[in-house]
Structure formats: C-alpha cells, structure tokens
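Asks: This is the structure, below, for whatever I ask next.
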Amino acid sequence: MKRIVIKVGTSNLSDGESIKVEAIERIAKCIAKLLEKFEIILVTSGAVASGYTKLRLDKSKIACKQALASIGQPLLLETYRKVFENYGILNAQILLCGHDFDSRSCTQNAKDTIEVLLSNKVLPIINENDALATAELKFGDNDRLSAHVAYYFEADLLVILSDIDGYFDKNPHKYPDAKLIGSIASIPAEKLETNYDPHGHFATGGIVTKLIAADFLIKRGKRMFLCNGEKLEMLEKFLIEDIQESGTIFGENK
Ligand code: ADP
C-alpha cells in the first residue's frame, strides 16, 4: 500500500483568529476516503493559532510562540480527535524536533511507532515539538519537517496543502497573469534562495520553504505535490484517479 504524508498549514486551519473546525472536517472527510487506498501520515501546524484563541501572548516573541504552541497543541489535537471520531478513525500524536532525524536510533524508534500505528489503521498526527525546537516556528511552518517525515518514514509522496493552487511562474498574489506550473522535475538553485513571501498572518514559510522541501525530496528520489487545501476534491482526483486538474507535482513523473 502506498504511503502518503499530508501536511496541513496554519493558513488551511485558521482565519487568523481561530481554528476553523469546518476545515478540519473537510480534511477528515478527504483522509477517510484516501485511507481506503493509502496509508496516511498527517503533519499539522496550527498549535500557535489554537493557543492564541485562549491567551493573547505577543506572537512576535519566539518564547511566547512556544508557550502558545504548548497551550494550543492539546486543543488542536482534541479538535482533530472529535472530528476524526465521526469517521471511526483513531488518532495518535507524535511531536518531533528536526534534530531527532540526526539520531539513527531516534528516527528508528519513531519509525517503529509509526509502523505499528499504520498497521493498526491509526492516523499518526505529527507536529514539531515547539517547546524544545523553534526551527519551524521561525521559518517554514512544518514544510521542512514534513519533508523529513516523508523521507525518513518512507512515504511515496508528500502532499503540502497551501492557500494557493500550486507553484506559479511568479507570485500570483502580485502578478495576475502568473501561470500555474503543473509539474517540475527539479528546482533551479536560485529559486531556493529567494526571499520568502509568506501570505497569511500566521504563515512563516512562503513558497521558498516549500521549494526547499521539494528539493530535499527530489534529490532523494521522492515526489511532492503542492495543492490548495480549499480544493480537496482535486487532491482526491489526483491521488485516487490519477487525474491532475490543479496543483504542482515536484519530481520525475512515474
Ligand atoms: P501556507 O501558509 O499555505 O503554507 P504560505 O503563505 O507560507 O503558504 O506560502 C504560499 C504563498 O507563497 C502564496 O500564497 C503566495 O503568496 C506566495 N508565493 C510567492 N511566490 C509564489 C509562486 N511562485 N507560486 C506560488 N505561490 C507563491
């Protein structure tokens, strides 16, 4: 069975003020369908936004963001739990730091856990352990973490859900004539250095961290699909029927 990592960004879950339960409901509906055909690992952001609904700490300070994530993580997972329960799907939480992947034994332990969860049809939900690590809070909103998860836990594909239809030849929020690139086999080095341009209030990554994630996977023979989290029916069509109506596939077409 093919294994897919799906990364949900803060912009997919939050309107800047609160976590949208409807968004989690749409994601759960989609994942329930995909589970008939694939093993799924979910990487989710949204802990800081979730914590902010309870306590208005200053998000410009990194320690406050860490505290907000600590408050928000259980709230976020509680929402996921309630929503997925309606589909008979049991969730598990795994919190990881980037450097966990530097240790072979840590990676292997986490992978062993994931294998048991997946073979028992449990949905692993992964986030950065923000109280200990700050990399994804500062830059990337889990784009890099999800690429590591996809590689080290041997997924066939990473799906990044964004607020945009895919990768364009230029920023579509600035240039109305920007064209969607359906597939790209490799990322030109200069694209990995461009200043990032996060669109949403909570977003920290912008397109560059997505390109870095894609580059990491392409160089290791894996693929990534970037698509709009508001258009999950297109993701289903792509994964289940192999019909691509939108989104960008990074890596060689197989
Ligand atoms: P998310 O919060 O969904 O992870 P980000 O806001 O961090 O997404 O990054 C996506 C944003 O990157 C888009 O909404 C867009 O404003 C910006 N962007 C800049 N250049 C491009 C490009 N070439 N193609 C697509 N998006 C781009």
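The values are calculated or read from the model by the stated rules, or taken from the named source; none is laboratory data. All values reported here derive from a predicted model rather than from experimental measurement. Note that we place each Cβ from the backbone using ideal geometry, even for glycine, and neighbour counts take in every protein chain shown. For the accessible areas, the whole protein counts, side chains as well, though only heavy atoms, and no ligand, DNA or RNA atoms are used. Shrake-Rupley method; radii C 1.70, N 1.55, O 1.52, S 1.80 Å.
Asks: Take the alpha carbon gyration tensor of segment 141-195, find the square roots of its eigenvalues, order them as a ≥ b ≥ c, and report rounded if a/c is under 1.5; if not, report prolate when a/b exceeds b/c, else oblate.
Replies: Taking the square roots of the gyration eigenvalues as a ≥ b ≥ c, segment 141-195 is prolate.
Asks: Let me ask you something else. Given Cα positions, please report Rg to Rh for segment 63-167, the hydrodynamic radius being the Kirkwood one.
Replies: Numbers: Rg = 14.4 Å, Rh = 15.0 Å.
Taking Rg over the Kirkwood Rh, I get 0.96.
Asks: So which DSSP H runs in the chain come out at 18 Å plus along the axis (Cα) with average Kyte-Doolittle of at least 0.0?
Replies: The answer, listed by residue number, is 21-34, 62-85, 206-218.
Asks: Evaluate the charge dipole of segment 88-150 about its Cα centre and quote only its size in Debye, nearest 20, assuming +1 on the Cβ of each Lys and Arg and -1 on the Cβ of each Asp and Glu.
Replies: It works out to roughly 160 debye.
Asks: Share of segment 36-153's accessible area from carbon and sulfur, percent, 1.4 Å? Kindly include the intermediate steps, with their values, before the conclusion.
Replies: Working: 2880 of 5420 Å².
Carbon and sulfur together cover 53 percent of it.
Asks: State the answer as a single residue: which of Phe101, Ile114, Cys30 lies farthest towards the positive end of the charge dipole of segment 1-136, with beta carbon charges of +1 for Lys and Arg and -1 for Asp and Glu, about the Cα centre.
Replies: Comparing the listed Cα positions along the dipole, Cys30 ranks first.
Asks: In deg cm²/dmol and to the nearest 500, what is the mean residue ellipticity at 222 nm of the chain if only DSSP H runs of at least 4 residues count, each as -39500 (n - 2.57), divided by the residue total?
Replies: Computed ellipticity for the chain at 222 nm equals -11500 deg cm²/dmol.
Asks: Among the lysines, which fall within straight-line cross-link reach of Lys33, defined as a Cα-Cα distance under 22 Å, with same-chain neighbours fewer than 8 residues apart omitted?
Replies: Lys2, Lys7, Lys20, Lys82, Lys121, Lys231, Lys237
Asks: Let me ask something else about it. For the chain, place one equal point scatterer on every Cα, skip the solvent, and apply the Debye formula. What is log10 of I(q)/I(0) at q = 0.07, 0.10, 0.14 Å⁻¹?
Replies: For the requested q values the scattering log ratios are -0.21, -0.44, -0.92.
Asks: Something else: Run the simple label-point estimate for Arg81 and Asp169 please: 7 Å along Cα→C-beta, distance reported in nm.
Replies: Here the answer is 5.0 nm between the modelled labels.
Asks: Among residues other than Leu95 whose Cβ falls under 12 Å from its Cβ, what is the net charge (Lys/Arg +1, Asp/Glu -1)?
Replies: Values: positive: none; negative: Asp100, Glu128, Asp130, Glu136.
That works out to -4.
Asks: What does the C-alpha gyration tensor say about the overall shape of segment 1-131? Classify as rounded when a/c is under 1.5, otherwise prolate if a/b is larger than b/c, or oblate. Numbers along the way, then the final one.
Replies: Working: a/c = 2.36, a/b = 1.25, b/c = 1.89.
Note, shape of segment 1-131 comes out oblate.
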